[in-house]
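The next block holds one structure in the form of structure tokens; read it before the comments.
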Amino acid sequence: MRSIVCRILCPLLFTWVHAQYQRRPVYPCGGNLTGDSGVIGSEGYPGVYPPNSKCVWKITVPEGKVVALSFQFIDLESDPLCKYDYVDVYSGHANGQRLGRFCGTFRPGALVSNTNKMLVQMVSDANTAGSGFLATFSAILPNERGDRYCGGRLDKPSGSFKTPNWPDKDYPAGVSCSWHIIAPRNQIIEVKFEKFDVERDNYCRYDHVLIFNGGEMDDNKRIGKFCGDTPPAPVFSEGNQLLIQFLSDLSLTADGFIGHYKFRPKKFRTTSAPATTTAPVVTTIAPMLNYSAALCQKKCKRAGTLESHYCSSNFVLTGTVITAVARGGSAYATVSIINVYKEGTLAIQQAGKNMSAKILILCKKCPFIRRGLNYIIMGQSDEEGRGIVGPHHFMMAFKAKNQRILAALKKQRC
């Protein structure tokens, strides 16, 4: 009886399943897409994307319009700096401004190109994978007013930029705006915020404004990360380009901001700009490096305790060393943060739910660090927000039993 039923129903079931499978879109690795709208997805989506791949999608919409890209879903290997698996989005097809690099499961807001072309590139390494991404694109007018589109190229001698809906109501959730300011080669850019109100968080993990020297999101050229309701101090570029990016997550919003920029002669910064916004990293840490040269000759020995160093340290954190590179007599490390007990002026970077900070070990062998291990790190910050740790600071291997001591120290007044 069972075999008779199967002979009748199994072919029908197979045909139905096959038809459903055939209806499911197949997303290839890259391609050229044209038209007013469309969909792109990682290879094999919603299945696991393949390792060791590089896929490039070139999107072109009609002349006179620009491309708006919205991620519907994203699930890539998570990393604070998106070094392994990531999606890059560029304005234009060649040598264009990078609008953002994304990984993990955080879904960015709408991204808008400066022209009728956009390039999306996904790269995966040999290891961890996820379900990839799914995104839609559409053609919009360059100055189309809407509550989700913002950003663009600014190349007039002066101008303004603002969050969507300003000043009528709060900015919307799930927005990503990039303003690329370009001055003539012999000039720099000054930026001032007239009003500023972005969701407050001690580490600016949620809604925030990032400002970079140059035209790309490059952590080595980051000037600052801002949130809260206090306008940042005036910002001056080092060269003739600045990138300002605003990002809001999918929860709380606020009034937003309006900022103004103007081009200045290069000499203007050296006479008028505040040191905290213009001093390049090298001028800030060069005296420390000179100081450390003699200090590094001494035998390395840790002095003091957690308690004796806590109040004298500008920042205190626990974290995992994810990169460590020796340069000269020093070591440059990136630390994935476990917990922060004192933030001070340390610049903390955010990618999805992961936080990280850049640390300079003045003497590469004192204190000695090893990639992949957990540490308690206490030190000072330079004017760019990078952590500085010398032999006279305190650093030790982090163990679970240390949490109670650090939690008690955090409650005390220094």
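If only one of D229, D219 is closer than 18 Å to F196 by Cβ and of a type in the set (D, E, K, R), which one is it?
D229 is the lone residue from the list that is closer than 18 Å to F196 by Cβ and of a type in the set (D, E, K, R).
Report whether or not M378 is at pLDDT 90 or above and surrounded by 15 or more Cβ atoms within 10 Å (Cβ to Cβ).
yes
In the stretch 300-328, what count of residues is obtained for those that are touching a Lys or Arg at 6+ places or on another chain (Cβ under 6 Å) and either assigned to a loop (DSSP other than H, G, I, E, B) or under 15 Å from N374 (Cβ atoms) (or both)?
Result for the stretch 300-328: 3.
Which residue, of I188, I181, I211, is closer than 26 Å to K262 by Cα, at pLDDT 90 or above, in contact with a helix residue (DSSP H, G or I) (Cβ under 7 Å, 6 or more places away or on another chain) and in a strand (DSSP E or B)?
It is I188.
Considering only the stretch 28-60, state which residues are in contact with a Leu (Cβ under 9 Å, 6 or more places away or on another chain), in a loop (DSSP other than H, G, I, E, B) and crowded, with 18+ Cβ neighbours inside 10 Å.
S42, Y45, Y49 - these are the residues of the stretch 28-60 that are in contact with a Leu (Cβ under 9 Å, 6 or more places away or on another chain), in a loop (DSSP other than H, G, I, E, B) and crowded, with 18+ Cβ neighbours inside 10 Å.
Against the condition more than 15 Å from L154 (Cα to Cα) and of a type in the set (S, T, Y), how does S237 come out, does it pass?
no
Just a yes or no: is a residue in the stretch 265-280 within 30 Å of F368 (Cβ to Cβ) and either crowded, with 16+ Cβ neighbours inside 10 Å or at pLDDT below 55 (or both)?
Yes, the stretch 265-280 contains at least one residue that is within 30 Å of F368 (Cβ to Cβ) and either crowded, with 16+ Cβ neighbours inside 10 Å or at pLDDT below 55 (or both).
Residue-by-condition table, conditions (1) touching a strand residue (DSSP E or B) at 6+ places or on another chain (Cβ under 6 Å); (2) touching a residue at least 60 places away in the same chain (Cβ under 8 Å); (3) of a type in the set (S, T, Y):
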{"position": "A173", "(1), (2), (3)": "no, yes, no"}
{"position": "S176", "(1), (2), (3)": "yes, yes, yes"}
{"position": "I182", "(1), (2), (3)": "yes, no, no"}
{"position": "D201", "(1), (2), (3)": "no, no, no"}
{"position": "C204", "(1), (2), (3)": "yes, yes, no"}
{"position": "F212", "(1), (2), (3)": "yes, no, no"}
{"position": "G215", "(1), (2), (3)": "yes, yes, no"}
{"position": "T230", "(1), (2), (3)": "no, no, yes"}
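Among the listed residues P108, P142, identify the single one that is part of a loop (DSSP other than H, G, I, E, B) and surrounded by 18 or more Cβ atoms within 10 Å (Cβ to Cβ).
Selected residue: P108, the only one of P108, P142 that is part of a loop (DSSP other than H, G, I, E, B) and surrounded by 18 or more Cβ atoms within 10 Å (Cβ to Cβ).
So S78 fits all but one of (1) touching a Gly at 6+ places or on another chain (Cβ under 6 Å); (2) assigned to a strand (DSSP E or B); what number is the exception?
Condition not satisfied by S78: (2).
Scan the stretch 89-110 and report the pairs whose first residue is free of Cβ contacts under 8 Å to residues at least 60 places away in the same chain and within 20 Å of S251 (Cα to Cα) and whose second residue is part of a strand (DSSP E or B) and not basic (K, R), with Cβ atoms within less than 6 Å and a gap of 6+ or a chain change.
Partner pairs satisfying both residue conditions: F102/V87.
S330 - would you say it is more than 17 Å from G385 (Cα to Cα), polar (S, T, N, Q) and over 26 Å from the mean Cα position of the chain (by Cα)?
no
List the number of the failed condition for A333; all other conditions in (1) more than 26 Å from E77 (Cβ to Cβ); (2) crowded, with 17+ Cβ neighbours inside 10 Å; (3) without any contact (Cβ under 8 Å) to a residue 40 or more places away in the chain; (4) of a type in the set (A, V, I, L, M) hold.
Result: A333 passes all but (1).
When the residues of the stretch 292-327 are narrowed to those that are exposed (fewer than 14 other Cβ atoms within 10 Å of the Cβ) and of a type in the set (S, T, Y), which ends up nearest to the chain's Cα centre (by Cα)?
S312
The values are calculated or read from the model by the stated rules, or taken from the named source; none is laboratory data. Being a predicted model, the structure only gives us computed values, none of them experimental. Reconstructed Cβ throughout: ideal geometry from the backbone, glycine too, with neighbour counts over all protein chains shown.
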